[in-house]
1. What tally of residues in segment 133-161 results from selecting those that are aromatic (F, W, Y) and buried (at least 17 other Cβ atoms within 10 Å of the Cβ)?
2. Residue by residue through segment 108-132, note down the ones that are part of a loop (DSSP other than H, G, I, E, B), open to solvent by less than 70 Å² (accessible area, probe 1.4 Å) and within 17 Å of D69 (Cβ to Cβ).
3. Among the residues of segment 48-68, write down those that are in contact (Cβ under 8 Å) with a residue 40 or more places away in the chain and open to solvent by 60 Å² or more (accessible area, probe 1.4 Å).
4. Counting only residues that are closer than 16 Å to I142 by Cα and loosely packed, with under 15 Cβ neighbours inside 10 Å, how many does segment 78-107 have?
5. Test Y33 against the stated conditions and say whether it is in a strand (DSSP E or B) and free of Cβ contacts under 8 Å to residues at least 60 places away in the same chain.
6. Being touching a residue at least 12 places away in the same chain (Cβ under 8 Å), assigned to a strand (DSSP E or B) and farther than 17 Å from H133 by Cβ is the filter here; which residues of segment 89-105 pass it?
7. In segment 59-77, which residue that is hydrophobic (A, V, I, L, M, F, W, C) and in a loop (DSSP other than H, G, I, E, B) is modelled with the lowest pLDDT?
Amino acid sequence: MAGRSATEMIWFAVSVIVAISLIGVFVGLAYQYSGTIQRNARGEAANYYVNVDLVNDPVYMPYDNDTNDLTIYAKNTGMYELDTSQILVNVNGNILLVDEDDVDIMGKDDTDWTQGTVARINVNADLENGEDHSVRIEVQGIFRGERMGRDSDSLEFHLNS
């Protein structure tokens, strides 16, 4: 009878240890998913604070026929600073990466694209005069040193030179 009690006691102790281990695993997974959910929520919330507007006049788009340079003016109308190294421009369906040297923040001496400032962005695009064209810009925000949030704006224009 005493041997049976000892065996049952050992099995009980083993089952308690296994149960506690499983609880530890589940709590760890819950913390991991919680962290992922929080990061995703911050990223989604950041989309509300990042905003860019193309402020070009669609009747007169600055375009140099000799160099094929199209000049786009984009205003940061959001709360976060915009990252000048993370700009994508789509002209008539062609995605163009923008080099930081082709971005000029107007009215400021530094390179921070903060709320209310306008950036002059030059891209090289082969466009035909007398035709309709479209341009779309996508930007990414910066908050507390991290890239957070995205926004885009588009504009259709007729090129007359």
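1. 1
2. Result: A125, L127.
3. Y48, Y49, V55, V59, Y60, N65, T67
4. Residues flagged as closer than 16 Å to I142 by Cα and loosely packed, with under 15 Cβ neighbours inside 10 Å within segment 78-107 amount to 2.
5. So Y33 does not fit the description; no.
6. Selection gives V103, D104, I105.
7. That would be V59.
The values are calculated or read from the model by the stated rules, or taken from the named source; none is laboratory data. Owing to the predicted nature of the structure, the values given are computational and were not obtained by experimental measurement. FYI the Cβ positions are ideal-geometry reconstructions off the backbone, even for glycines, and counts take in every protein chain you see. Ligands, DNA and RNA are excluded from the accessible area calculation, which covers all protein heavy atoms including side chains. Shrake-Rupley method; radii C 1.70, N 1.55, O 1.52, S 1.80 Å.
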